[in-house]
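Visitor: Okay, handing you the structure first.
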Amino acid sequence: MDEPVVFRIGLEKLTARLSVQAVQLYKLAVEYPAWTRQQAERELGVGATELEELITTLTDLLLLRPSLDPDREFTAVGPDTATAELLTAEENEMHRRRAVHQQLRRELLALQPTYFEARQTRRRDEAIDVVDDVGMVRHLLADQARKCERELHIAHPGGGMNEAGLSRSLALDLMMLDRGVVMHSVLQHCTRSHAPTQRYVAAVTAAGALVRTAPIVPRRIIVFDREVAFLPTASGDPADGAVLVREPAVLSHLLDSFDLLWHSGRQFPAERTEVAEDESEEAGEELTRAILRQMAAGAKDEVIARRLGISVRTCRRHIATLAADLGAQSRFQAGVLAEQRGLLD
C-alpha cells in the first residue's frame, strides 16, 4: 500500500496546508454529506482547479475519503479519527524505518572484524596502525592475548581501573598465565590502597604474574611477545582508541623504558608480611618524594594528582602535611626546602 502523501510532505507542513478555504470545504462536507462540486465552487467562490487542490488536501489528511454511497462522492471523517489513523500510520512507518536502520547497522558493524583482519594482513609489514574504535581495540587485545606465547609487559598509569575493566583484564591475563606466559606488570603506588586492584593483583600473582608499583607511570603500554605493542593515542583517552606498533626499533625502545620502570619499582604486596610492610613503607616514601619533586618543579595540584594517579583532594592533603612538616609558607617553598635538605635523593 502506498504511504499517504502527508508523510512525503512532512508533518511540519500540515498546518500551513489547512487554508481557510480548506476548512470551509471541510465544514461544508460535514454539514451537507451530499454536497456537490458545483455547490462547493459556488459557496467557496473558487474554480474547478482550486477546488480540486482543496479536495486533495483534505483527502491527504484523511478528512475526506471516497464514499461507498453511490449518491455521494465523499464522506467527511471526524478529526479525531483522521488524527488517530495518521499518527498510527506514521508511528508504524517510524518503527519500520528504525528496524531497517538497526538491521543495516548490525550488518555493517559485523564486517568490522573482517575489515581489520584483512587490513592487518594487507599492512602486515607496516609499523604503525591506528585503531579509533574502542570495541575493535578490545577485540584485537583479546586476539593478541590468545596468540601470546612467551611474554607480556604491561605498564598502567592511574589510580586503578574500574571493576568492569579489571574483570576483562583478569580473564585475559589468567588465560595467558595458564599457558605459561611470563607477565610483568607495573602499576602506580596509589593502587596499593585500591581494593579492586588489590583483588586483581592477588588473583594474577597467585597464577604466577609479577606485579610492581612505581610513583609515576607516564603512559599505558601493553607489549605481547616483544612483537606488538598497544599504546594510547595522542589524547591519552582510551575512548579515542589505540595505536598498534610493530616496528622492532620502537618496540626495543619501549621495552628498555619498561625495564627502567620495572627495576625502580616496588613489589605489590599480595600478602601482609614483614617484607611487604617494608616495601609498602618505602613505596609511601617514594610517593612523598615524587610529590615533593613535582612541587619543586612548580607543578600545579591538578597536574601532580594526574601524574601520581591520585585525587586532587588527596594530593592537596599530602601537600598540606608536607608543607607543615617542613615549616614552609607555600607549596613551592616546601619543594625548594625539601631539595635543600636532601629529601628528594
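The values are calculated or read from the model by the stated rules, or taken from the named source; none is laboratory data. This one's a predicted model, so the numbers in the text were calculated from it and none came from an experiment. Note that we place each Cβ from the backbone using ideal geometry, even for glycine, and neighbour counts take in every protein chain shown. The area values use the complete protein model at the heavy-atom level, side chains included, leaving out ligands, DNA and RNA. Shrake-Rupley method; radii C 1.70, N 1.55, O 1.52, S 1.80 Å.
Visitor: Take the range 18-54 and flag every residue that is surrounded by fewer than 17 Cβ atoms within 10 Å (Cβ to Cβ), assigned to a helix (DSSP H, G or I) and touching a residue at least 24 places away in the same chain (Cβ under 8 Å).
Guide: Of the range 18-54, the ones surrounded by fewer than 17 Cβ atoms within 10 Å (Cβ to Cβ) are 18-20, 23-24, 27-28, 30-34, 36-39, 41-43, 45, 47-50, 52-53.
Going one step further and asking which of them are assigned to a helix (DSSP H, G or I), we end up with 20, 23-24, 27-28, 30-31, 37-39, 41-43, 48-50, 52-53.
Answer for the range 18-54, where residues must be surrounded by fewer than 17 Cβ atoms within 10 Å (Cβ to Cβ), assigned to a helix (DSSP H, G or I) and touching a residue at least 24 places away in the same chain (Cβ under 8 Å): V30, R37, E50.
Visitor: In the range 172-186, what residues are part of a helix (DSSP H, G or I) and either among the aromatic types (F, W, Y) or more than 11 Å from Y200 (Cβ to Cβ) (or both)?
Guide: Initial filter on the range 172-186 (part of a helix (DSSP H, G or I)): 172-178.
Within the range 172-186, L172, M175, M176, L177, D178 meet the criteria.
Visitor: Would you be able to tell me the number of residues in the range 60-84 that are charged (D, E, K, R) and either at positive phi or exposed (fewer than 12 other Cβ atoms within 10 Å of the Cβ) (or both)?
Guide: 3
Visitor: In addition: Filter the range 322-335 down to the residues that are of a type in the set (A, V, I, L, M, F, W, C) and surrounded by fewer than 16 Cβ atoms within 10 Å (Cβ to Cβ), then identify the one that is nearest to V303 (Cα to Cα).
Guide: Of all residues in the range 322-335, those of a type in the set (A, V, I, L, M, F, W, C) come to 322-324, 326, 328, 332, 334.
Narrowing further to those that are surrounded by fewer than 16 Cβ atoms within 10 Å (Cβ to Cβ): 324, 332.
Working: A324: 21, F332: 14 Å.
Per the criteria, the residue is F332.
Visitor: What number goes with the only condition from (1) open to solvent by 70 Å² or more (accessible area, probe 1.4 Å); (2) touching a Lys or Arg at 6+ places or on another chain (Cβ under 8 Å) that T57 does not pass?
Guide: Failing condition for T57: (1).
Visitor: If you scan the range 144-172, which residues turn out to be over 30 Å from R313 (Cα atoms) and within 23 Å of the chain's Cα centre (by Cα)?
Guide: Scanning the range 144-172 gives Q144, A145, A171, L172.
Visitor: Restricting attention to the range 237-282, and to residues there that are among the basic types (K, R) and modelled with pLDDT of 80 or more, which single residue is surrounded by the most Cβ atoms within 10 Å (Cβ to Cβ)? Show your work before the answer.
Guide: At the first step, the residues of the range 237-282 found to be among the basic types (K, R) are 246, 266, 272.
Cutting the leftovers down to modelled with pLDDT of 80 or more gives us 246, 266.
Working: R246: 17, R266: 20.
This residue is R266.
Visitor: Just checking, does the range 97-109 include any residue being part of a loop (DSSP other than H, G, I, E, B) and at pLDDT below 80?
Guide: No: zero hits.
Let's see how each residue does on (1) surrounded by 23 or more Cβ atoms within 10 Å (Cβ to Cβ); (2) modelled with pLDDT of 85 or more; (3) among the aliphatic types (A, V, I, L, M):
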{"site": "S185", "(1), (2), (3)": "yes, yes, no"}
{"site": "H194", "(1), (2), (3)": "no, no, no"}
{"site": "Q198", "(1), (2), (3)": "no, yes, no"}
{"site": "A203", "(1), (2), (3)": "no, yes, yes"}
{"site": "A206", "(1), (2), (3)": "no, yes, yes"}
{"site": "L210", "(1), (2), (3)": "no, yes, yes"}
{"site": "A214", "(1), (2), (3)": "yes, yes, yes"}
{"site": "I221", "(1), (2), (3)": "no, yes, yes"}
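Visitor: Please list, ordered by first then second residue, the pairs with beta carbon atoms under 7 Å, 6 or more apart or interchain, first in the range 287-309 and open to solvent by 10 Å² or more (accessible area, probe 1.4 Å), second of a type in the set (G, A, S).
Guide: Pairs that qualify, where the first residue is open to solvent by 10 Å² or more (accessible area, probe 1.4 Å) and the partner is of a type in the set (G, A, S), are A296/G335; A296/A338; G309/G158; G309/G159.
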